[in-house]
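Just below is one structure, and these are the notes that go with it.
Throughout, read-outs are computed from the coordinates displayed, never taken from laboratory work. Remember, it's a predicted structure, so these values are computed and weren't measured experimentally. Here the Cβ positions follow ideal geometry from the backbone for every residue, glycine too, while neighbour counts run over all protein chains shown.
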Amino acid sequence: MGGTLNKTMLIKAPVERVWRSFTDPAELAVWYVPGVKVFEARPGGRVEFDIPHTIGTVVGEVLAAERPYLLSWREGPGLLPGPTEIAIRLTEADGGTRLNYEQTGFGGGPEWADEIQAHDIGWGQCLADLALVSETGVRARRTSRARSQFGVVSLDTAAGLRVLGVKPGSCADRAGLRPDDLLVRLNGGAVFSRRELWFFSSEHVPGDPVTADWIRDGVTMSGASTLDGPPARAEMTNDAPIDYGGNATLSQSAR
């Protein structure tokens, strides 16, 4: 079952200014997390993003470019298990610009459930940085990059961060986590969602000790291990094995 992400926001800047943030590679480098190598803002134009030390180059193609109101492109696979399409629509509104972002083509399965939630948060953070530079001219990139890896595929749920899969041999695996566990603390700090896990991975380096607490079958359990390095290319492109344990914990809203 496929999925779609959709976000709308009002930016206090002219449409042309926001358009430039999407089409000028120098501007894209300010707010878009993947490194931008090429972005040819014309139909059929080439798109190249660079994810150093992991995926490498992700390529795509511009599908539509109607300055300054519509820009769409196809990208992947690479960052995601399969290709997706992104459409940006800009309209003049309330003395500024109403921006609508839509990404389609997400697939089903636990690996996609994890990614659609991750992209929802990631794009929200990126667009906040875009709005900041468009409105103020200040280039203050606030998104962070993982410096270490815990080793789980996860899903934000009402009760917290549910483990969908565990990478064999990873920090999480060595600590004792298994699919369907509910991760509640890392080094004593509360974990409510993947945001805390992302921050933890950005603040710690490989080899740092970690103590994890989780709930399994109504019982709180604990384990300890050391963090691994950021995921390598094979892991990011879904060539590395993940133990999902037959897990079927997928909410319809996350698909």
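Before moving on, here are some points about what is shown:
- The Thr4 and Thr157 beta-carbon pair, evaluated with R₀ = 35 Å, returns a calculated FRET efficiency of approximately 0.95.
- The chain, relative contact order in percent, only Cα pairs under 8 angstrom and at least six apart counted: 19 percent
- Plainly put, the stretch 3-136 has a radius of gyration that is 0.95 times its Kirkwood radius, both from alpha-carbon atoms, as the Rg/Rh ratio.
- Entry note: the stretch 105-166 has Rg to Rh equal to 1.08, where both radii use alpha-carbon atoms and Rh is the Kirkwood radius.
- Relative to the dominant Cα principal axis of the chain, helix 110-136 is inclined by about 40°.
- Computed log10 I(q)/I(0) for the chain at 0.08 Å⁻¹: -0.34, from the Debye equation with unit scatterers placed on every C-alpha and solvent omitted.
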